[in-house]
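The values are calculated or read from the model by the stated rules, or taken from the named source; none is laboratory data. Because the structure is a prediction, the values reported are computed rather than measured. Neighbour counts run over all protein chains shown; Cβ positions are idealised from the backbone, glycine included. Keep in mind that these areas ignore ligands, DNA and RNA; they rest on the heavy atoms of the full protein, side chains included. Shrake-Rupley method; radii C 1.70, N 1.55, O 1.52, S 1.80 Å.
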Amino acid sequence: MKQYLELCNRIIDEGTWIENERTGKRCLTVINADLTYNVGNNEFPLITTRKSFWKSAIAEMLGYIRGYDNAADFRALGAKTWDANANENQVWLNNPHRKGVDDMGRVYGVQGRAWSKPDGGTIDQLKKIVDNLKAGVDDRGEILSFYNPGEFHMGCLRPCMHTHNFSLLGDTLYLNSFQRSCDVPLGLNFNQVQVFTLLALIAQITGKKPGMAYHKIVNAHIYEDQLALMRDVQLKREPFEPASLSINPDIKSLEDLETWVTMDDFEVSGYQHHEAIKYPFSV
Ligand SMILES: Nc1nc(=O)c2c([nH]1)NC[C@@H]1CN(c3ccc(C(=O)N[C@@H](CCC(=O)O)C(=O)O)cc3)CN21
Ligand SMILES: O=c1ccn([C@H]2C[C@H](O)[C@@H](COP(=O)(O)O)O2)c(=O)[nH]1
């Protein structure tokens, strides 16, 4: 929580106003932030200075793990977060690659589970990582990359958290996650939960102990229409003690994650929070 508040304050104190062409809005922006989460100690990085919708965040991550390419599939899991990007952005609506309502195209998990090879067929990056880690192997390339410039024109948005790099030291699993662009009031609430939960889940299904997760953000911003709410409302509040996350121990494999897992398999205890804040969302 402290590192989140420090980043928000840093943007407000030291940020530079930058025009963003895609959304037509200005963003108060800083470059480079390094957040760390102690997953081994179950220090769940859930924001307490407003109500945070952690179930949507985990549902979104589960959808990426499954390789979903459709906002309706995300909704069925409990995340409405892709509705706008799939259905309200005119550039994507005009894109000949869009396959109809709710289609997101070749984004995120599609790249993670079915990266197209130039000579035909696809690569399942996540399965290779899980198989290696389960066997105690870290080939120093346990990398899940959603960033495929050759297919940007076939998706509704370039991935923001684009790379997750796993490492094994003995039987402890670590994660470095890289994010190129971060909407701090809205997206980061989710992204913190997602980095934490991704390490916890992959450690659980590979039989490893979770260690630290390191979350690198490059462009961290607050949109102009979010600034007053952040500065005058959220940052005026005192944070509460952190909550903790528990995950159904019956989740034991990638196939479990792909087939029967729902949001009922995740529980947060001790979540004390201030009331919700509705931040404007830029499509
Ligand atoms: N401008 C922008 N910011 C983002 O954070 C973002 C995108 N676009 N596009 C792709 C995904 C979608 N993400 C989203 C989308 C919506 C919410 C959102 O509306 N959150 C609300 C309500 C959540 C709920 O009810 O489940 C919140 O208060 O956190 C959060 C993240 C994160 N990403
Ligand atoms: O997981 C996510 C996904 C998206 N965002 C934010 C970051 C930006 O505000 C927009 C994406 O816009 P670009 O013009 O493609 O950078 O979405 C996020 O914070 N977290």
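Of the residues in the range 53-66, at least one is open to solvent by less than 10 Å² (accessible area, probe 1.4 Å) and in contact with a strand residue (DSSP E or B) (Cβ under 6 Å, 6 or more places away or on another chain).
Among the residues of the range 226-248, the one identified as assigned to a loop (DSSP other than H, G, I, E, B), closer than 30 Å to residue 23 by Cβ and open to solvent by less than 40 Å² (accessible area, probe 1.4 Å) is 226.
Against the numbered list (1) in contact with a His (Cβ under 6 Å, 6 or more places away or on another chain); (2) among the hydroxyl-bearing types (Ser, Thr, Tyr); (3) assigned to a loop (DSSP other than H, G, I, E, B), residue 29 comes up short only at (3).
Among the residues of the range 114-130, the ones that are charged (D, E, K, R) and either touching a helix residue (DSSP H, G or I) at 6+ places or on another chain (Cβ under 6 Å) or farther than 19 Å from residue 163 by Cα (or both) come to 2 in all.
Report yes if residue 32 is of a type in the set (S, T, N, Q), open to solvent by 40 Å² or more (accessible area, probe 1.4 Å), within 16 Å of ligand 2 (Cβ to nearest atom) and touching a Cys at 6+ places or on another chain (Cβ under 8 Å), otherwise no. So residue 32 fails the test. Residues of the range 179-195 that are open to solvent by less than 10 Å² (accessible area, probe 1.4 Å), among the polar types (S, T, N, Q) and within 8 Å of ligand 1 (Cβ to nearest atom): 189 alone.
If you go through the range 252-277 and keep only what is over 16 Å from residue 57 (Cα atoms), exposed (fewer than 12 other Cβ atoms within 10 Å of the Cβ) and touching a residue at least 40 places away in the same chain (Cβ under 8 Å), you end up with 272, 275.
Could you list, in sequence order, all residues of the range 47-96 that are in a loop (DSSP other than H, G, I, E, B), within 24 Å of residue 273 (Cβ to Cβ) and more than 13 Å from ligand 2 (Cβ to nearest atom)? Passing the criteria: 47, 48, 49, 50, 51, 52, 53, 78, 80.
Within the range 162-186, residues that are farther than 19 Å from residue 207 by Cβ have Cβ atoms under 7 Å from residues that are away from ligand 2 (no atom under 16 Å from the Cβ) and of a type in the set (A, V, I, L, M, F, W, C) in these pairs: 163/143; 165/143, counting only partners at least 6 apart in sequence or on another chain.
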